[in-house]
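S.K.: Sharing a structure with you now.
The values are calculated or read from the model by the stated rules, or taken from the named source; none is laboratory data. Since we're looking at a predicted model, the values are computed, not measured. Here the Cβ is made from the backbone with ideal geometry for all residues, glycine too, and neighbour counts use every protein chain on show. With ligands, DNA and RNA removed, areas are computed over all heavy atoms of the protein, side chains included. Shrake-Rupley method; radii C 1.70, N 1.55, O 1.52, S 1.80 Å.
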Amino acid sequence: MSRKSLVLRVLVVATSFVVFAHKPVFADPGAGTPGTFRDTSDADVGQWMVKYFGGENVQDPDTGEYVFNETFEWEKERSYTNGVLDTTGYAQAQMVDGAAIWESDLPWISLENHGYGENGYYSYVTTINDTGFTSVDPTASFNGLSISFTADDHMHAVIINGMLYDGFEAQSNDHAAWLAGYLDLSILPGDGIPWNVDGINTVEFIVHNSGYFENSFNPTGFSATIQASYNISAIPEPSMILMFGSGLLVLPLVRRLRKKG
C-alpha cells in the first residue's frame, strides 16, 4: 500500500468518526420542550404586575351582613389589544414580608409587601415570550401550559391572552379554598386558548379578597408557578453541527489526495 493511499484511508476513517461518533440529542416532541418557567419568587417578582379593581362586599338587605359582590363587572376594568393587556394603572407586585401570613412552600406576592388589601378584585399579570428559541424552528407549536397556584381569598378566573380559560372553575368564596393547597392546571393546545409561539403571551389571574365587613382591610395575595412548553422539530445540538462542519472541511482534502493518487 502506498503512503498516499494510507493517508487517504486514515482521512476517510477520521472523517467518518467525526460525523457519526457523536449521537445527536433531539428534542422530544411528545413531552414538549420546556420554555419559560416563572413563579412568584424573589427572582421573578419583577415579571409580575398587579392592579386593584374594586368591587367591595355588599350588604345583604335581609341579614345586614356584608357578602361577596358577585355583580361587580371586573371584565370592564381591563383592556386587551391583540392579546396584549393595557397595563396602565398596574403596579409592580411586591414580595409579601412575613411567611407567617400563609403557610406554603412557595413565596407569595401582593399589591403591597405587607400582604394586606381592601375587599374586591385584583388582577395579577405576567408575560411570556419564548421567541428566543421558537424562532429557530418555523414549525414550532404550542405544547401546553402548566400552572400551579393558590390565592387569598379565592382565585376567581384565569385568562390567557385576553380569553377566559373555562377549564378552571373559580374557587369557592371561603378561606378553606386556599387553605386546601395549590390547584394544578394543564392547559393543552386543544383547550381553545390562543397562544403565540412567535410573540408575547399575557397570563392573567383574577383574585378576589373578601372579608366580614364592607371595604375591610385584610390579608390578600397570590402564589403560583407557570411552565410553558412547545413542540419543536428535531434540531441537533450545536456540538453536532460543529462535528458535521469539521467533516465537511476535510472532504476537499480527501478529493485532492484521490486525484494525486
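S.K.: Residue check: is THR202 at pLDDT 95 or above and within 24 Å of the chain's Cα centre (by Cα)?
M.R.: yes
S.K.: For the stretch 33-69, give me each residue that is open to solvent by 50 Å² or more (accessible area, probe 1.4 Å) and assigned to a strand (DSSP E or B).
M.R.: Selection gives PRO34, PHE37, MET49, TYR52, VAL58, GLN59, TYR66, VAL67.
S.K.: Looking at (1) at pLDDT 90 or above; (2) open to solvent by 60 Å² or more (accessible area, probe 1.4 Å), can you tell me which one LEU248 breaks?
M.R.: (1)
S.K.: Can you tell me which of TYR212, TYR182 is aromatic (Phe, Trp, Tyr), modelled with pLDDT of 60 or more and under 30 Å from PRO34 (Cα atoms)?
M.R.: The unique qualifying residue is TYR182.
S.K.: Restricting to the stretch 210-226, give me the number of residues that are surrounded by 18 or more Cβ atoms within 10 Å (Cβ to Cβ) and out of contact with any strand residue (DSSP E or B) (no Cβ under 6 Å at 6 or more places or on another chain).
M.R.: 1
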